[in-house]
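The values are calculated or read from the model by the stated rules, or taken from the named source; none is laboratory data. Quick caveat: nothing in here was measured; it's all calculated off a predicted structure. Glycine gets a Cβ as well: all are built from the backbone with ideal geometry, and neighbour counts include every protein chain shown. These accessible areas exclude ligands, DNA and RNA; they are computed on the full protein's heavy atoms, side chains included. Shrake-Rupley method; radii C 1.70, N 1.55, O 1.52, S 1.80 Å.
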Amino acid sequence: MEQMNTKAYWGSIEELQQIADFQTTPGKEFVAPPMKQEATSMERRTFLKLMGASALAASISCSRRPVEKIIPYVHKPEEITPGIANWYASTCGECSAACGTLIKTREGRPIKIEGNKKHPLSGGGLCARGQASLLNLYDPDRLREPAAVDRRSGEYTATTWELLDRSIQGELQKLKESSKKVVIFTDPIVSPSTKALIDEFLIPYRGLHIAYSPLFPEELLEANSVSFGERKLPQYRLDRAELLVSFGADFLGTWISPVEFARQFSKARRVDEGKMLRFVAIEAALSLSGTNADEYIPVAAGDELFVALALAHELIVRGGKSAYAGNPIITEVLRNYSIERVAKTLKLETAQLQHLATQLWKSRGKSLLLGGPVHGKYGRELQIVLNLLNSALMNDGATIDWDTATATTSSSYRDIVKLVEEMKQEKVGAVILASFNPAFVLPQTLGFADALKQVPLVIDCSDKKTETTQAATTQSAPMTHALEMWNDAEPAKGLYSIAQPVISPLYQNRSFQDSLIRWGAMNAKNWYSYLQTWWQKNVHRSSESFARFWEKALHEGFVDHVSNRHDVRSSSRNFSSSALSGFPEMPKPGATLTLALVPSLAIFDGRYVNNSWLQELPDPLSKITWENYLSLSPATAERMGISQGEVIEIEAGEMKAKLPVHIQPKLSPSTMMVSVGYGQSFGGSIGGGTGVNVYPFQKGESSALQWNGIDVNITTTGKKVDLAVTQGHHNIENRPIVFEATWEEFQKDPSSGIEHPHLLTMWKEREYPKERWGMAIDMTACTGCNACVVACQAENNVPVVGKDQVLRGREMHWLRIDRYYSGDAHNPEVVHQPMLCQQCENAPCETVCPVLATFHSDDGLNMMTYNRCVGTRYCSNNCPYKVRRFNFFEYSENFEEPQQLALNPDVTVRTRGVMEKCTFCIQRVQEKRHEAKLEGRELKDGEIQTACQQSCPAQAIVFGNLNDPKSEVSKRAASKRGYHVLADLNTRPSVTYLSKIRNKA
């Protein structure tokens, strides 16, 4: 070895502590033995026994099978060629980030959602939720027709749109002449035309529009309003920063626009180009962003505010720096928050905070402070102080862009409290709901569901039954899925994105906007007509005809009126010192253990609970699937005598919940953490009954919600359960898998920290006459967001197996993200490593297959012939990377109509008894080869993209031809940072990893 890697890595607390149950696991090749499944027809081995006899019978009879003809189109649609995919530019409608998308359809049905590379903000990336939204289209539990709902029984009676419209129009007509309000309750609106439609609809009434999501950072808008006089959400430019400090904002996970932020974050950390943003995270509840920090400071809930105040005191009061030095109001407010006092009270290191303050001033104009957690304790006050710091550090106009601030419409919790009071007082005559389940996500103490029952007309446009629909709905008008309807978005000022339908509605559903047009008897033929008219008036600014302009917009997916958007520098804002008021007193020394509610990276606020891809997607921190759980720090668990999987009861007033415990390294000892969104009574056939509802624990004051710093009592139950963890049976066992170095070490020697074994071989090296496909994965760029995992699953028909099978170690993901810790268990460093088939040149799996089902291709791929495989699993046993997956059951039989429509027809659906694995998306390779052949040319570098590469927001993955020295993958493979996992085994993988670099300066 040229260098020795002395750093020890571990994947779980059990592995670190070598707990007895864990020690027996590495000795088992498979977590659980094969389990019998009742045969629905002939078993595979029985079939093989009869093969000889059937072959003989066939040779004797020599009869041909009947000729069966496929009936072609009578009149083939012009745009459809059977077997050829159609792509449509669109916009993701799953959150207010509104990422640009490309929708792949086959024979008229959507089968894949990918990012639009041309989109100025998302740049081709797409998060796991955006990709998995395809499965929501084919959700078997969707409502399929309009209905009248009996409030008392909750029973649905199907009706027609004509009858429903007539009934609603009559009720609304009466309200025009009354004093009662008509309220439209939606998610935050990023669509300017929808906002205009709602405003127009409400004109004849005493109308009110509430736009609310529990995960929208309303405290940020409130703080900006008092700090700068503008209730806007600016554009943050992480790619321009050299120092980033986050005070609990999970910008890589669920905060505002994670795909855009991941792209910027990666761009600012391209070490081979000499860029290395330093990232410091100060958090009470561990987040995905926190695991990517170069420096992590765990604090108690609410203490983020006091750290920010201490930094402001050090810079402005003590240091006399910035234009705000000497301001009497600011000086007086900051007077009692010296770094020494704050550090002593919060038990932090004074020198650490002083060093951070020094770095911030050095990086002024090139730094950025973000905050904080959604509905965090003192969230509004924290954001006000961060506004002051960003202004003092001259980040406004540099790393914060106010000129293109997003136009998202969002209401405050205060608005909802007022609405509930008016409903209770019977001042509201009608409520139209187009929001995710407000009766579920709002605090029970608010009494939203009971207040809704006082409203005579409640129309729910949700396409699923929810707690809200069952509580008070009188009419059900189910809306279409985002892929079935027209829409638009303005995620940044001057950037207009279009969303177009790629499939006709599967059921008798109708868009929310079309319903408003019908009920309001508005002057528009339909929603499409209204949308076009609005674009013609507000977006079309060129001299070309609108028809031509519209065609271009549909082709590109967006229209951007801001030229050179990424280079524009905006004006700064003047911070109002009067915003600095009403700050709390410093806490007493010794933080108590409190509860923190956090959004799930997979199911978000609960709206994806019936999505099986996301339910089985391992949490990036814990690697647990199919449920929520209570995370405790190792120190807290040890102090309380609680072990992994032990069920405890938490109690706050009348609210109680029983949850299994997960011991989470790096989590603050002052915090217990649990994800919201689970435990829905009407979660559907997939999500119903999964996990526990913890929304009742949120504290709802009159003006704001609080999701952390919640006092609860804890009681042990004496019960213990197994958690469906995916990484517990893939152990590092002190092998050379992860390599890393500091930024300082890298600058001296780019190969620092990497082991390069000297290997001998008795085998002749393979020759690849044309292409040799390979991949490079940058560990510094990878954030562990799981977008690639869902991309692979959607592209390759990877089955969902369910919690029981995950517990047995039988998850089927071809690509997994391994999460490793190093260092002290209380605040270890974290690294995320994508692990897939390494396409080894000396593949151990190939030599042990008795039927040659797995073999090596002429272009360097380790191939699988499914109909040869007899299921010995020798290949899996011999794979050192544990990336082969065995079909223990006939998972395709679990499809419920119309879920099978999501399958990719270019990829074989595997049967029981067959081994499968990553193929480097061979179907995509063959498609581009065919195109190049038809066009009489060679393949171009970058023309072929695997599904994981295409959707990665951080651009961490590159695929291409290793035989082409000019290809990007060849350049990365030759990088001094490059290494192969388990290279000492001489398997000669085709996947090169680039070492993890940390900026600890």
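Note on exposure: Met423, Met522 ranked by accessible area (1.4 Å probe, complete protein assembly) read Met522, Met423, with the most exposed listed first. Counting Cα-Cα pairs of region 435-541 in 5 Å increments starting at 0 gives whole-percent bin shares of 2, 11, 17, 17, 17, 14, 12, 7, 2, 0. The charge dipole of the chain, taken about its Cα centre with unit charges on the Cβ of Lys, Arg, Asp and Glu (plus for the first two, minus for the last two), comes to roughly 880 debye. At a Cα cut-off below 18 Å, give the lysines reachable from Lys112, other chains included and same-chain residues fewer than 8 away excluded. Once the sequence-local lysines are set aside, what remains near Lys112 is Lys104, Lys928. Proximity of backbone amide H atoms, modeled 1.01 Å from N, is registered between Thr594 and Thr671, Met672 at under 5 Å, excluding neighbours fewer than 5 places apart on the same chain. Note on region 560-628: Rg/Rh from Cα positions, Kirkwood definition for Rh, rounded to two decimals, is 1.21. Close amide-amide hydrogen proximity is noted between Thr742 and Arg998, each under 5 Å apart and 5 or more residues distant or on a separate chain (H modeled in the peptide plane; Pro and chain starts excluded). Inverting the pair-averaged 1/r between distinct Cα atoms of region 816-880 gives 14.0 Å as its Kirkwood hydrodynamic radius.
In plain terms, the C-alpha convex hull of region 155-253 casts an average shadow of 11.3 nm² when viewed from every direction. Take the Cβ atoms of Gln747 and Thr358, set R0 to 22 Å, and the FRET efficiency comes out at 0.60.
In straight-distance terms, cross-link reach from Lys418 covers every one of the aspartates and glutamates whose alpha-carbon lies under 18 Å from its own, apart from those fewer than eight places away in the same chain; here that gives Asp187, Glu218, Glu219, Glu222, Glu426, Asp450, Glu701.
For the pair region 116-172 and region 612-683, the centres of their Cα atoms are 31 angstrom apart.
Sequence-ordered 3J(HN,Hα) estimates for region 536-551 from the Karplus curve with 6.51, -1.76 and 1.60 and θ = phi - 60° stand at 5, 7, 10, 10, 6, 10, 8, 7, 5, 5, 5, 4, 5, 4, 5, 4 Hz, glycine and proline given as x.
Value of Rg to Rh for the chain, rounded to two decimals, is 0.96; Kirkwood radius and Rg both from alpha-carbon coordinates.
For Lys537, the lysines whose Cα comes closer than 20 Å to its Cα, not counting residues fewer than 8 places off in the same chain, are Lys195, Lys493, Lys525, Lys552.
Averaging the sequence gap over all C-alpha pairs within less than 8 Å and six or more residues apart, then dividing by the number of residues, gives region 183-233 a relative contact order of 36 percent.
Taking the Cβ-Cβ separation of Ser822 and Asp722 as r and a Förster radius of 25 Å, what is the calculated FRET efficiency to the nearest 0.05? Plugging the Cβ-Cβ distance into 1/(1 + (r/R0)^6) gives 0.40. The accessible area of Lys117, taken with all protein chains in place and a 1.4 Å probe, comes to roughly 120 Å².
Normalised per residue, the accessible area of the chain is 40 Å², obtained with a 1.4 Å probe and no contribution from ligands, DNA or RNA.
Placing unit charges on the Cβ atoms only, positive for Lys and Arg and negative for Asp and Glu, gives region 218-406 a dipole magnitude near 400 debye about its Cα centre.
Gain on full extension, evaluated as 0.36 nm per residue between Ala932 and Asp415 minus their Cα-Cα distance, stands at 180.3 nm. Dividing the mean sequence gap of close Cα pairs (under 8 Å, 6+ apart) by how many residues region 324-436 holds gives a relative contact order of 18 percent.
Normalised by the number of residues in the chain, the average gap of Cα pairs under 8 Å and 6 or more apart makes the relative contact order 16 percent. For region 218-406, the share of accessible area belonging to carbon and sulfur comes to 47 percent (1.4 Å probe, ligands and nucleic acids excluded).
Along the axis of the charge dipole computed for region 297-380 (Cβ charges of +1 for Lys and Arg, -1 for Asp and Glu, origin at the Cα centre), the listed residues Pro298, Tyr324, Ala351 are led at the positive end by Tyr324. Per-residue 3J(HN,Hα) values for region 131-146, derived from phi via the Karplus relation 6.51 cos²θ - 1.76 cosθ + 1.60 with θ = phi - 60°, read 5, 6, 4, 4, 5, 5, 4, 9, 5, x, 8, 5, 5, 10, 6, x Hz in sequence order (x marks Gly and Pro). For Glu177, the solvent-accessible surface with a 1.4 Å probe is about 150 Å², rounded to the nearest 10.
Sequence-ordered 3J(HN,Hα) estimates for region 274-291 from the Karplus curve with 6.51, -1.76 and 1.60 and θ = phi - 60° stand at x, 9, 7, 4, 9, 10, 10, 10, 10, 9, 9, 10, 4, 10, 4, 4, x, 6 Hz, glycine and proline given as x.
Computed over the alpha-carbon atoms, region 218-406 gives an Rg to Rh ratio of 0.93, Rh here being the Kirkwood radius from the mean inverse distance.
Note on Thr157 and Lys427: the extension gain reaches 94.4 nm, defined as 0.36 nm multiplied by sequence separation minus the Cα-Cα distance. Ordering Thr992, Thr865 by accessible surface, largest first, gives Thr865, Thr992; the 1.4 Å probe counts only protein heavy atoms, with every chain in place. Each peptide in 364-376, 850-862, 425-437 was scored by the mean count of other Cβ atoms within 10 Å over its residues; highest first, the order is 364-376, 425-437, 850-862.
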